[in-house]
Every structure is written in structure tokens, then in C-alpha cells.
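*Asks:* One structure, pasted below without further comment.
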Amino acid sequence: MLTERQELILKTIIQDFTQDHEPVGSKTVMKQLPIKVSSATIRNEMATLEEKGLIEKTHSSSGRIPSSEGYRYYLDNLVEPLRLPENVYDKIVYQLDRPFHQVNEIVQEAAKILSDLTNYTAFAEGPENHGVTVTGFRIVPLSNRQIMAILVTSDGNVQNQVYALPHHIHGDEIEKAVRMINDELVGKSLKEITPTLLKGLVNQQIAGTHSAELLSLVEDVIKDAASEQMYVDGQINLLNNSSEKNVNDIRSLYELVDHNDLISNLMGDCEKVASPDLPVQVTLGSELPNDLLKNYSLVTARYNVGEHGEGTIALLGPTNMPYSQMIGLLEYFRNELAKKLLDYYGRFQ
């Protein structure tokens, strides 16, 4: 642990570097400290912080910048959520206070709001849907032997996909499969409708029909509906925060961010090692498994919608982001998002 004076100096260096993005010298620290300390004393304390690996010297200046260890100490011991200007809260409430027709629309809007407010890349993952049940299934014929499979669930979500049917499948078989699917699946939760269950339905059908092909389509729709949807907004902001000169690295970073499963797993890994007492968690780039993210930090927050489960929101920004503001923002936003979703779910109860 550090002394109180060393903590003040480290906190000042981090806050100053966050604002100006320039190495911080002893005279700059001296002017900002709330206690009276000589420049020589500050230099000695900065030397101690450097020995401890919490700050480091750059080649271009005599000033210091925080190291990954310094940021981690700051986040674990010194950071305090900052209340944001009222107009920020007003904007969040205003943008969430409009009619939404599906849960996914709300979650997608959440990612957009966070990205717009921060100029970072934002992620929003919908709540788990353990209790969501199937309320209806339809197949709508389209042109050129295409059909649209439509699945409606108890939370008001509508999942649809377009498929091309083989020539040997006829309209009466489609109608029969739809009736069977509604008879067997309506009222069941998405988690209950497993591939094994669907295969069992196929085995119950009269030999010679092509229900297997149709049920494979249903399986795809069910799988999409059952998966927690991850939305990303502000990918272009990665360029603002990237010092990478290699075009291939930038392209790989884009692909990583757009890969929902990877990001979802990354956020899940961060939550596993996080303290359950903190509503907002920060994982530094040096703590993330992908080297492409070494100059970034991932700030994550869980939100709770009662019996409907939990979801996650997150921000990916530079390591020297203003953590107090971002933590304060996510603390507020997660509660507002939960309230909006609870209000939405209340319409179906």
C-alpha cells in the first residue's frame, strides 16, 4: 500500500494525464495537490512510485505517465464515481422514453446512446431469457420458393428468417408442419426446445413427409431467439483511440469487435474475476487475453430485470479514459435501462 501523499500524487498524475494526454512533471503535480509539498519532495515520491512500477518515464520528457499497475492501483483503491452534468442524465431519459416494440430494440438503443455519449465503442447484451416462451409460429410464403419463418415469444419479440425451400416440399406439408409445431411448442420455454426435442417431433410424423427439413429451419429460428443478443455501436471510434499504424491490426480489431461471441465471452471472463460488490468493473488492456486490446480498457456493468434475468452493458475505450466519469455513467445507465425493460415487460403480464 502507498502512503496518503503517494496516493494523492498518483491520483493527480492519472487525472492530469487523462485530461491532457501528456507526461506529468513534478511542478505540475505540486500546483494541483491539495497539500503543500515542495517540488523536491514530489520528485522523491515520484521516484518511489516509479520503483514500485506504478508510473513510468517516457523517452521524450522528464514527466511521468501511469503504468498498467498504476491504473490498477488507482481503480482498486482511489477511483470515485463522478456525477455527470444534468443534461447527460436528461438525454439518457429522453432517448429511452419512447415506445419500443421489442426488447432487442431497447438493448440496441442502449448501445447507441452509450456510444454517442462517450465517443467510445459500446456494447449491450440483452437479459437472459430463461422464462421466455413460444407464443406462436408462422411460415409466410415468398416468391421463388422462399419462405419466411416467424417466431413470436412471450416477451413480444419477433424472430424471423428467410429460407429457400427444396422443390420437393409442397404447401400442404408446410401447413402440416406449422400446425404440429404450434401444437407441440407453443407454451414451452426457449430453453426447453432442444435439438433432441425437435428430433423427437420429426420421429412422430408420418413416413414420407419432409418435416425434417422444416424442423431444421425451426431449430435455426429457435437458436437465434434463445441466444442473448449482443449489439455494438461506435466501431468507428476505435480509430480515434488507436495508435496502431498497421492496417492489418486495425482490420483485425474491427473484426474482433464485430464478432459477438468473442466479445460476449470477453465480457463474461471479466465478470468471473470481478468483485461482486462493485456494480461497474474495469479490465485493463494488459489484463485482456487479446493483444490487439493492449491499449484499451473494457468497462462493464450488469443490469438486473428481476425474473427476466440480467444483461450487460460495456464500453471499450483508451486506457487513459476518464474512469470516474465512465463508472458514474454506467452506474446510472444500468439502472435506467433496467427500469425501461421492467416497464416494457410489465406490458405482457
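*Asks:* Just the residues that are touching a residue at least 40 places away in the same chain (Cβ under 8 Å) and of a type in the set (A, V, I, L, M, F, W, C), please, taken from the range 45-93.
*Replies:* L49, L54, I55, I65, L75, L78, V79, L82, L84, V88, I92, V93, listed by residue number.
*Asks:* Condition (residue is open to solvent by 60 Å² or more (accessible area, probe 1.4 Å), out of contact with any Leu (no Cβ under 6 Å at 6 or more places or on another chain) and within 30 Å of I106 (Cβ to Cβ)) applied to the range 170-181: is it met by at least one residue?
*Replies:* no
Residue by residue, here is whether (1) among the basic types (K, R); (2) at pLDDT below 75; (3) outside the structural domain of L316 (by the TED database) holds:
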residue: L185; (1), (2), (3): no, no, yes
residue: G208; (1), (2), (3): no, yes, yes
residue: V247; (1), (2), (3): no, yes, no
residue: I250; (1), (2), (3): no, yes, no
residue: S275; (1), (2), (3): no, yes, no
residue: L284; (1), (2), (3): no, no, no
residue: Y296; (1), (2), (3): no, no, no
residue: T300; (1), (2), (3): no, no, no
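*Asks:* Does S68 fit the bill of being on the phi < 0 side of the Ramachandran plot, surrounded by fewer than 16 Cβ atoms within 10 Å (Cβ to Cβ) and small (G, A, S)?
*Replies:* Taking the combined requirement at face value, the residue does not satisfy it.
*Asks:* Out of curiosity, is G63 open to solvent by less than 30 Å² (accessible area, probe 1.4 Å) and touching a Pro at 6+ places or on another chain (Cβ under 8 Å)?
*Replies:* Yes, satisfied.
*Asks:* With respect to S115, determine if the residue is within 19 Å of P318 (Cα to Cα) and either in a loop (DSSP other than H, G, I, E, B) or of a type in the set (G, A, S) (or both).
*Replies:* Answer is yes for this residue.
*Asks:* Kindly provide the set of residues from the range 11-53 that are surrounded by fewer than 14 Cβ atoms within 10 Å (Cβ to Cβ), basic (K, R) and farther than 27 Å from Q325 by Cβ, ordered by number.
*Replies:* If the condition is that a residue be surrounded by fewer than 14 Cβ atoms within 10 Å (Cβ to Cβ), basic (K, R) and farther than 27 Å from Q325 by Cβ, then K36 is the only one that fits.
*Asks:* Scan the range 74-92 and tell me whether some residue there is on the phi > 0 side of the Ramachandran plot and open to solvent by less than 40 Å² (accessible area, probe 1.4 Å).
*Replies:* No, every residue in the range 74-92 fails to be on the phi > 0 side of the Ramachandran plot and open to solvent by less than 40 Å² (accessible area, probe 1.4 Å).
*Asks:* Out of the residues in the range 148-167 meeting the condition of being hydrophobic (A, V, I, L, M, F, W, C) and surrounded by fewer than 19 Cβ atoms within 10 Å (Cβ to Cβ), tell me which one is farthest from the chain's Cα centre (by Cα).
*Replies:* A164
*Asks:* Shifting gears a bit: Determine, yes or no, whether L266 is at pLDDT below 75 and in the same structural domain as N182 (by the TED database).
*Replies:* No; evaluated as a whole, the condition is false for this residue.
*Asks:* What tally of residues in the range 94-118 results from selecting those that are touching a residue at least 24 places away in the same chain (Cβ under 8 Å) and surrounded by 13 or more Cβ atoms within 10 Å (Cβ to Cβ)?
*Replies:* 17
The values are calculated or read from the model by the stated rules, or taken from the named source; none is laboratory data. Keep in mind it's a predicted model, so treat the numbers as computed, not measured. A quick note on method: Cβ atoms are made from the backbone with ideal geometry, for glycine too, and the neighbour counts reach across all protein chains shown. Accessible surface is based on the protein model in full, side chains and every heavy atom, while ligands, DNA and RNA are left aside. Shrake-Rupley method; radii C 1.70, N 1.55, O 1.52, S 1.80 Å.
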